[in-house]
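Chemist: Next up is a structure, given as structure tokens.
No lab work stands behind these numbers, since they all come straight from the coordinates. Just so we're clear, the structure is a prediction, and the values are computed from it rather than from any experiment. Using ideal geometry, Cβ is built from the backbone for each residue, glycine included, and neighbour counts are taken over all protein chains shown.
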Amino acid sequence: MASTALGGDVSWEYAGRIGVDTGMIIVGDPRYFATPDADEHPAKDWKAFLGLLRRKQHRGIAQLHYRQGHAGLGVVVGGFGGDGVFPVYVRRDGNRVAEMRVDFLGEPEEKPKREPV
């Protein structure tokens, strides 16, 4: 595992990069909204999605809700300074991923430690 400046004695493994063109990222299960046949789209189109975020966000973060009204569909995070390509790291507990971090202030490693999936 690659140790990084993100976590003192905690070992973080470089997982890849995330490209951002909207000034925000979303964390959630892609099964619910990533394809046209998905069960739970939070809005009918991009303009409606931006309107939803304006109503829901607080300090650059918005909790997305399922159609039935309960939280958990996803979390939108913005307010980190805009667009770019940001490194993503994971911390493992054995073979299981325990945490994920996106370093909005850091630079991606020159050579990834593994091939993309």
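Chemist: Around Arg17, which amide H atoms from residues at least 5 apart in sequence, or from another chain, sit under 5 Å from its own amide H, with H modelled in the peptide plane?
Modeler: For Arg17, whose amide H was placed from the backbone, the distant partners under 5 Å are Val88.
Chemist: Kindly list the residues of the stretch 56-77 that lie in the label zone of Asp39, defined by a backbone N under 16 Å from the point 7 Å along the Cα-to-C-beta vector.
Modeler: 65-74
Chemist: Return the distance in nm (one decimal) between the two label points of a simple spin-label model at Ile18 and Gln68, each offset 7 Å from Cα along Cα→Cβ.
Modeler: About 2.7 nm, to one decimal.
Chemist: Still on this structure: Residue by residue through the stretch 57-62, what is 3J(HN,Hα) from phi via Karplus (6.51 cos²θ - 1.76 cosθ + 1.60, θ = phi - 60°)? Round to whole Hz and write x for glycine and proline.
Modeler: 6, 9, 6, x, 10, 9
Chemist: Could you work out the local net charge near Gly51, counting Lys and Arg as +1, Asp and Glu as -1, over the other residues with Cβ closer than 14 Å to its Cβ? Before the final figure, lay out the partial values.
Modeler: Working: positive: Lys44, Lys47, Arg54, Arg55, Lys56; negative: Asp45.
The answer is +4.
Chemist: Mind giving me the nanometre distance, one decimal, between the label points for Asp93 and Leu105, set 7 Å out from Cα along Cα→Cβ?
Modeler: Modelled inter-label distance: 2.7 nm.
Chemist: Oh, and also: Karplus couplings for the stretch 41-47 from phi (6.51 cos²θ - 1.76 cosθ + 1.60, θ = phi - 60°), rounded to Hz, Gly and Pro as x?
Modeler: Listing the rounded values in order: 6, x, 7, 6, 7, 4, 4 Hz.
Chemist: Taking θ as phi - 60°, what are the ³J(HN,Hα) couplings along the stretch 97-102 by the Karplus curve (6.51, -1.76, 1.60), each to the nearest whole Hz, with x for Gly and Pro?
Modeler: So the J values, rounded to whole Hz, are 6, 9, 8, 10, 9, 10.
Chemist: Per residue, how much space in cubic angstrom lies within the convex hull of the C-alpha atoms of the stretch 24-79? Intermediate results must be reported in sequence, preceding the final value.
Modeler: On the way: hull volume 4.4 nm³, N = 56.
That works out to 78 Å³ per residue.
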